[in-house]
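*Asks:* One structure, pasted below without further comment.
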Amino acid sequence: MLFQYNLYFVILSVTVIISATVAFAAWQRRSISLASKPFILMMLTIAGYATVAAMEAAAIILREKMFWSKPGCSILIKASKHRYS
């Protein structure tokens, strides 16, 4: 796969790093609060979606962009089903 690194890729990559770090810190303190598990899941969902969006932003060929857009949609659908069911 060919990738072209651009500003969107960099911003989304920083988002992945920050949200994964926050999720890890919350995991270490999960016994303090009852709301830590949903928060950790939310941060991991953000990290997953940002990873897929970064790969989609860096992809050059339309077929690859379509390939990376499918997991992003499924991440959002699963997160909304988990939240509202």
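*Asks:* Return only the number of the condition from (1) without any contact (Cβ under 8 Å) to a residue 60 or more places away in the chain; (2) in contact with a strand residue (DSSP E or B) (Cβ under 9 Å, 6 or more places away or on another chain); (3) not hydroxyl-bearing (Ser, Thr, Tyr) that Ala23 does not satisfy.
*Replies:* (2)
*Asks:* Of all residues in region 1-36, count the ones that are over 27 Å from Ser69 (Cα atoms) and surrounded by fewer than 17 Cβ atoms within 10 Å (Cβ to Cβ).
*Replies:* 11
*Asks:* Looking at region 56-74 only, could you name the residues that are touching a residue at least 24 places away in the same chain (Cβ under 8 Å), open to solvent by 20 Å² or more (accessible area, probe 1.4 Å) and part of a helix (DSSP H, G or I)?
*Replies:* Listed by number, the list holds a single entry, Ala57.
*Asks:* Moving on. Would you confirm whether or not region 27-36 contains a residue that is among the charged types (D, E, K, R) and not in a loop (DSSP other than H, G, I, E, B)?
*Replies:* Scanning region 27-36, I find no residue that is among the charged types (D, E, K, R) and not in a loop (DSSP other than H, G, I, E, B), so the answer is no.
The values are calculated or read from the model by the stated rules, or taken from the named source; none is laboratory data. From a predicted model like this one, the values you see are computed outputs, not experimental measurements. Heads up, the Cβs are rebuilt from the backbone with ideal geometry, glycines too, and the neighbour counts pull from every protein chain shown. Heads up: the accessible areas ignore ligands, DNA and RNA and are worked out on the full protein's heavy atoms, side chains in. Shrake-Rupley method; radii C 1.70, N 1.55, O 1.52, S 1.80 Å.
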